[in-house]
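The values are calculated or read from the model by the stated rules, or taken from the named source; none is laboratory data. Keep in mind it's a predicted model, so treat the numbers as computed, not measured. All Cβ positions, glycine included, derive from the backbone under ideal geometry; neighbour counts span all protein chains shown.
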Amino acid sequence: MELNRRNFISLMVGGVAGMHITPLPWKLTDDIAIWTQNWPWVPVPPAGAFNSAKSVCTLCPGGCGIEVRKVDGRAVKIEGRTDFPVNPGGICPVGMGGLQLLYNEDIRFTRPMKRVGPRGAGQFADISWKEAVGILSERIGGLRKKGAGEAIAAIDGNSARSATALLVERLLKAVGSPNYLRAPSLDDTYSLANLMMLGTDGPMAYDLENSDFILSFGAGLIEGWGAPGRMINAWSIWRDQETRGKVKVVQVEARASNTASKADQWVAVMPGTEGALALAMAHVIIKEGLYNKEFVGGYTSGFNEWSSFVIRQYSPEQAAAVTSCPAEEIRSLARAFAKSKAPVALCGRGKGTLNGSLYESMCIQSLNALTGGINRIGGVLVQDHLPLASLPDITYDEVSRQGVQKARLDHAGTPKFPYAQSVASLFAKEVREAADSRIDTLLVFGSNPVQTLPDGGLFRKALSKIPFIVSFSSFRDDTSMYADLVLPDHTYLEKMDEVVWPAGLQYPLYSLTRPVVKPLYETKNCGDTIIELARAIGGSVAASFPWKGFEDVVKHRAKGLFDSAKGLTGYKADSPVWKMMQKAEEITPDYKSFDDLWNKLSKGGFWYRPVHNYGRWDSIFKTATGKFEFVSTRLQLAIQGYLRQNQADSALSGLGIGAGAQVAAYPHYEETNAQVDTKVYPITLVPYEMINLASGSVASPPHLNKTIFDNQLLKEDSFAEINPKTASQLGIKEGDPVFIESAAGRIRVRVSIFEGAMPGCVFVPLGFGRIGWDEFTRGKGANPNDIILPRMDPVSGQPVWWKTPVKITKA
Amino acid sequence: MEKKHGPAKGNSYGMVIDLDKCTGCGTCMVACAAENNLAVRPDESDKQRSITWMRLYKVTNGKDFPYTEVSYFPRPCMHCDHHTPCVSVCPATATETDPHTGIVSQIYTRCIGCRYCMAACPYHARTFNWWDGYFPKGKGIERYLSPEVSPRMRGVVEKCTFCHHRLMRAKTQAYTEDRRELEEGEYITACTEACPAQAITFGDLKNPEHKVSRLAKSPYAFRLLERLGTEPKVYYLSTKDWVRKLGDNYLPGEFKPVSTVKAG
């Protein structure tokens, strides 16, 4: 056929028409769509029988109850548990994402390993458990032979007084080392403040649900403080239509956090001046005679002395100059607080992952004393520790007996820090600055000091002076990247572990986690590893660990609960514990024998005692005076001891106390400013915590990355919040990359302009800037801990991390 | 304004979110992601690509320090009742409003990935899979996936289903017990169950016995972009005018503060 114009057009028209009629191209497009959708791989989750297992979440010290939904042996979802006294069904986002910490081979140590690459590179080779325990026991045995037990140190992040923590401390003593360190936490500050004023280092027990005026000095009540499941539920009750207006929540903070925004009132003060605000409130309460005369008159000591000091030095006008909070606001706040029926003042910073300030805690506790809120309904309760059975005495040999008596490297317990148990940042400083290696072997348990210690990276730098580092972490976290040897623990979903008194709870509660899935890898419960290690070291060390395994230790301790107190192991959501406690009746235990109790406990169970003797003020204070002490006898003794030893008359600067010897035993405000030129570093860096960003030793599960806004993290850059006024003074705009520089170093972040940020400050979230983990976490954002100047909180010795002078320059 | 949901027969599942109770913790988002097998990519900070069914929006009152306040809007799919925008435009019948439940479904195997629904949705409730779900071999992260929800392939749009599989689960249970009607609370979404502040209430808007239908009539209740007339089945509660005002666009002087809403 000839191809002329006519034929060509016919062909084209015919072709176009034909294309529309034939199904072929459509079929092909569809096939391609289906084919590409199914290629290369979309997982098909295997089906199976649904079942569930109850346990407890130990990702933070809150210890919320969880129920894990499973398909055959596979865990597919974590949910809150409604039959658990702490949290009626709710948990926090971190706990909700917990399965991503279990099922991710890239972030876990699957078996014992030893380092093969350079430190920090995270290159490890598999070894057997036998070899791993052998290496460590030989090293420790070798040091002991040289009589150098004190060259072994441990830093421990397991909850204080839990069985694992006790075993770690015991191991250190048994091998002959005094250098048992704890990662600092708010609990340390609480215990210390209680010891000074109540005479007992028991847990801080805030009866928040029964209170009608909650005055929080910086505690992130809905941002992870205490047990998040409990706190957010309490918050919800306060916001109920029926209770709305009956309970008032006031948040004292320098930034419009979620807690500050959602509270009834936000009181903005300069970071670190919360103590001065509390004293000014005390001033108003005392001057206007609003204090509880029965309690103050009958059950406190040192009131006259302290009150005249407060009247003299902390008028609202004087405090306004320090805090930047107007004097009138302080007055009306103090009146509203004191006139409430059941007010409570609580202290803490953010989640309480890190320590607070001792004097500040004492100032705030004084408000509770003035209003008679100590051991009263809705106040702060005086509680003893759980009656768990103590472990048998340690067997010492000559080496360990001498070793434990040697001086601690961090000076805790010396006249400088007479009541401190451990000061990790000071330990790091000593190790770093010493000419020779004072520590040969460092054991890291349940903590991640490289990431979490607010010390300007000091701990990380100190690691280079330690020849041998052993990690017992489940995860390839930031600290274990530096480890030479890894003896991995199970994750919290694979093991039995204790929760001894959830953080901030007002009644005694003990709960046990249990393996909700079979351990996935060749990991081992850290408690069992310690016992095995002790056995391998042999001699008196082995004799100090007479148990078959960790479960025996837990069982032994739980016996104490059965023997010495009446408790319950069942709970119904319709009778919350805080209501039960008001009845003050003795209860009948719901278990018959210890075996019965243990049987219930070991299935992810719990034991609690919903009884409290409210309103009792005689014989509960264990101070020298037998009363609540506004002027702490213990502090007076410490100060006298210090002055005697240093042949000084009144200067306490060595203790970090600016006030005179007279005032030093009072709850008072200490400025604790870093000694740097504020002309060079005019801005104050304030780290803050977010509930949807894990800031502790364990990183956020990746699901949480979806909840982070793009003005908090964008690609690799995290953001610092700055007030628009401050930003315009600095000439920086939204999204600008900047350097935040302190005397300790600098970090690179982007700027997020936020009206709720106090002018003159820069707010940087804690939890970013991790160096371990995997692609979901590693290298995202900056860690403000890297540039915090390690400044000491007086007496406690812990770092003052909440304000660091910095300068901001465009990057 | 009297609001009617769904046809005369059947249920009309909906949600009321109390913004005064919401603390902005994000547990709803994580619970949703875990329940519905949402994949996580190494970079989730690109919010155009990040896949979420329930998304939290942070808002501020814009006032200067120290009068600034923040609040949050958790935003699932609104499951619009009237002229459901996404359903109206879908050329592949991949999304439908179920007349028996009021739930707007999404059928991945029908979806051709044209993203017309995403353009139509006034709430940005839909996200597109530019890639297959990220479950690289060797990490073993696919082990936590639930068999109740199929993981999505590249090239399809996904969105909140009001945890439809939970309705199936509850119905199966009810049918085995020879019941045809579900009790209140028998079927709730994962976010409702997870919210530690109990800010989310879920149930049948047409059943006057259900708490949601009572709450939806509260003087503090409002919906997002209500005047588009799509009849969303997600209600919000807030006593704060500045939060309520952000729920829609208003001409100057048009917004009625909650005090007048209460009176009227």
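Scan A:Gly142, A:Gly117 and give me the residue that is more than 10 Å from chain B (Cβ to nearest Cβ), of a type outside the set (Lys, Arg), within 30 Å of A:Gln402 (Cβ to Cβ) and surrounded by fewer than 22 Cβ atoms within 10 Å (Cβ to Cβ). Break it down into steps so the answer makes sense when it comes.
Details: A:Gly117 fails: within 30 Å of A:Gln402 (Cβ to Cβ).
From the options A:Gly142, A:Gly117, the qualifying one is A:Gly142.
Kindly list the number of the only condition in (1) of a type outside the set (Ser, Thr, Tyr); (2) over 19 Å from B:Glu231 (Cβ atoms); (3) touching a Pro at 6+ places or on another chain (Cβ under 6 Å) that fails for B:Pro91.
(3)
Just name the residue that is surrounded by the most Cβ atoms within 10 Å (Cβ to Cβ) out of those in the range A:789-811 that are at pLDDT below 95 and aliphatic (A, V, I, L, M).
Selected residue: A:Val795.
Which residues, counting only those in the range B:103-141, are surrounded by 14 or more Cβ atoms within 10 Å (Cβ to Cβ), within 14 Å of chain A (Cβ to nearest Cβ) and among the aliphatic types (A, V, I, L, M)?
Passing the criteria: B:Ile112, B:Ile141.
Let's see how each residue does on (1) more than 8 Å from every other protein chain (Cβ to nearest Cβ); (2) outside any loop (DSSP other than H, G, I, E, B); (3) surrounded by fewer than 23 Cβ atoms within 10 Å (Cβ to Cβ):
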{"residue": "B:Gly10", "(1), (2), (3)": "yes, no, yes"}
{"residue": "B:Ile17", "(1), (2), (3)": "yes, yes, no"}
{"residue": "B:Cys32", "(1), (2), (3)": "yes, yes, no"}
{"residue": "B:Ala39", "(1), (2), (3)": "yes, no, yes"}
{"residue": "B:Ser50", "(1), (2), (3)": "no, no, yes"}
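Working only within the range B:54-89, note down all residues that are over 19 Å from A:Lys262 (Cβ atoms), more than 10 Å from every other protein chain (Cβ to nearest Cβ) and modelled with pLDDT of 95 or more.
Of everything in the range B:54-89, those that are over 19 Å from A:Lys262 (Cβ atoms), more than 10 Å from every other protein chain (Cβ to nearest Cβ) and modelled with pLDDT of 95 or more turn out to be B:Pro76, B:Cys77, B:Met78, B:His79, B:Cys80, B:Thr84, B:Pro85, B:Cys86, B:Val87, B:Ser88, B:Val89.
Residue check: is B:Ala92 of a type in the set (A, V, I, L, M, F, W, C), within 12 Å of chain A (Cβ to nearest Cβ) and surrounded by fewer than 17 Cβ atoms within 10 Å (Cβ to Cβ)?
Numbers: of a type in the set (A, V, I, L, M, F, W, C): yes; within 12 Å of chain A (Cβ to nearest Cβ): yes; surrounded by fewer than 17 Cβ atoms within 10 Å (Cβ to Cβ): yes.
Yes; evaluated as a whole, the condition is true for this residue.
Across the range A:65-114, which residue is farthest from the other protein chains (Cβ to nearest Cβ) among those that are buried (at least 24 other Cβ atoms within 10 Å of the Cβ), part of a strand (DSSP E or B) and touching a residue at least 40 places away in the same chain (Cβ under 8 Å)?
Among those that are buried (at least 24 other Cβ atoms within 10 Å of the Cβ), part of a strand (DSSP E or B) and touching a residue at least 40 places away in the same chain (Cβ under 8 Å), it is A:Gly65.
Scan the range B:155-165 and give yes if some residue there is at pLDDT below 95 and not in a helix (DSSP H, G or I), otherwise no. Before you say what the answer is, go through the steps one by one.
Applying the first criterion (at pLDDT below 95) to the range B:155-165 yields B:155-156.
In the following step, the residues that additionally are not in a helix (DSSP H, G or I) were identified as B:155-156.
Looking for residues that are at pLDDT below 95 and not in a helix (DSSP H, G or I), one finds at least one in the range B:155-165, hence yes.
Could you list, in sequence order, all residues of the range A:563-601 that are in contact with a Leu (Cβ under 6 Å, 6 or more places away or on another chain) and either of a type in the set (Ser, Thr, Tyr) or crowded, with 17+ Cβ neighbours inside 10 Å (or both)?
Taking the range A:563-601 as the starting set, the residues that turn out to be in contact with a Leu (Cβ under 6 Å, 6 or more places away or on another chain) are A:590-591, A:601.
Matches in the range A:563-601: A:Tyr591, A:Leu601.
When only residues in the range A:259-269 that are over 20 Å from A:Gly760 (Cβ atoms) and surrounded by 24 or more Cβ atoms within 10 Å (Cβ to Cβ) count, which is farthest from the other protein chains (Cβ to nearest Cβ)?
Step one: filter the range A:259-269 for residues over 20 Å from A:Gly760 (Cβ atoms), giving A:259, A:261-265.
When the remaining residues are screened for being surrounded by 24 or more Cβ atoms within 10 Å (Cβ to Cβ), the result is A:259, A:262-263.
Numbers: A:Thr259: 8, A:Lys262: 6, A:Ala263: 10 Å.
That would be A:Ala263.
Out of the residues in the range B:142-175 that are within 14 Å of chain A (Cβ to nearest Cβ) and among the β-branched types (Val, Ile, Thr), which is farthest from B:Glu96 (Cα to Cα)? Please lay out each step first, then the result.
Filtering the range B:142-175 down to residues within 14 Å of chain A (Cβ to nearest Cβ) leaves B:142-158, B:160, B:163, B:165-166, B:168-170, B:172-173.
Of the ones still in play, those that are also among the β-branched types (Val, Ile, Thr) are B:149, B:156-157, B:172.
Numbers: B:Val149: 18, B:Val156: 15, B:Val157: 13, B:Thr172: 22 Å.
So, considering only residues that are within 14 Å of chain A (Cβ to nearest Cβ) and among the β-branched types (Val, Ile, Thr), the one farthest from B:Glu96 (Cα to Cα) is B:Thr172.
Among the listed residues A:Lys524, A:Lys495, A:Lys548, which satisfies the condition of being basic (Lys, Arg), touching a residue at least 60 places away in the same chain (Cβ under 8 Å), more than 29 Å from A:Gly220 (Cα to Cα) and not assigned by TED's automatic domain parsing to the domain that holds A:Lys351? Show your work before the answer.
On the way: A:Lys495 fails: touching a residue at least 60 places away in the same chain (Cβ under 8 Å); A:Lys548 fails: touching a residue at least 60 places away in the same chain (Cβ under 8 Å).
Residue meeting the stated conditions: A:Lys524.
Taking B:His100 as the residue in question, decide whether it is at positive phi and either in a loop (DSSP other than H, G, I, E, B) or facing chain A (nearest Cβ under 8 Å) (or both). Give the steps one after another, and end with the answer.
On the way: at positive phi: no; either in a loop (DSSP other than H, G, I, E, B) or facing chain A (nearest Cβ under 8 Å) (or both): yes.
It is false that B:His100 is at positive phi and either in a loop (DSSP other than H, G, I, E, B) or facing chain A (nearest Cβ under 8 Å) (or both).
Could you tell me which of the residues A:Ser718, A:Ser700, A:Ser695 is assigned by TED's automatic domain parsing to the domain that holds A:Gly779, under 28 Å from A:Ile364 (Cα atoms) and buried (at least 22 other Cβ atoms within 10 Å of the Cβ)?
Details: A:Ser718 fails: under 28 Å from A:Ile364 (Cα atoms); A:Ser700 fails: under 28 Å from A:Ile364 (Cα atoms).
Result of the check over A:Ser718, A:Ser700, A:Ser695: A:Ser695.
When you go through (1) more than 9 Å from chain B (Cβ to nearest Cβ); (2) in contact with a Ser or Thr (Cβ under 7 Å, 6 or more places away or on another chain) one by one for A:Trp235, which number turns out not to apply?
(1)
Which residue out of A:Val749, A:Val806 is closer than 21 Å to A:Asp455 by Cβ, outside any loop (DSSP other than H, G, I, E, B) and without any contact (Cβ under 8 Å) to a residue 60 or more places away in the chain?
Values: A:Val806 fails: without any contact (Cβ under 8 Å) to a residue 60 or more places away in the chain.
Among A:Val749, A:Val806, only A:Val749 is closer than 21 Å to A:Asp455 by Cβ, outside any loop (DSSP other than H, G, I, E, B) and without any contact (Cβ under 8 Å) to a residue 60 or more places away in the chain.
If you go through the range A:677-710, how many residues are among the β-branched types (Val, Ile, Thr), more than 14 Å from the chain's Cα centre (by Cα) and assigned to a loop (DSSP other than H, G, I, E, B)?
Here is the first cut: in the range A:677-710, the residues among the β-branched types (Val, Ile, Thr) are A:678, A:680, A:683-684, A:686, A:691, A:698, A:707-708.
Among the residues that remain, those that are also more than 14 Å from the chain's Cα centre (by Cα) are: A:678, A:680, A:683-684, A:686, A:707-708.
Subsequent filtering for residues that are assigned to a loop (DSSP other than H, G, I, E, B) retains A:678, A:680, A:708.
Qualifying residue count for the region: 3.
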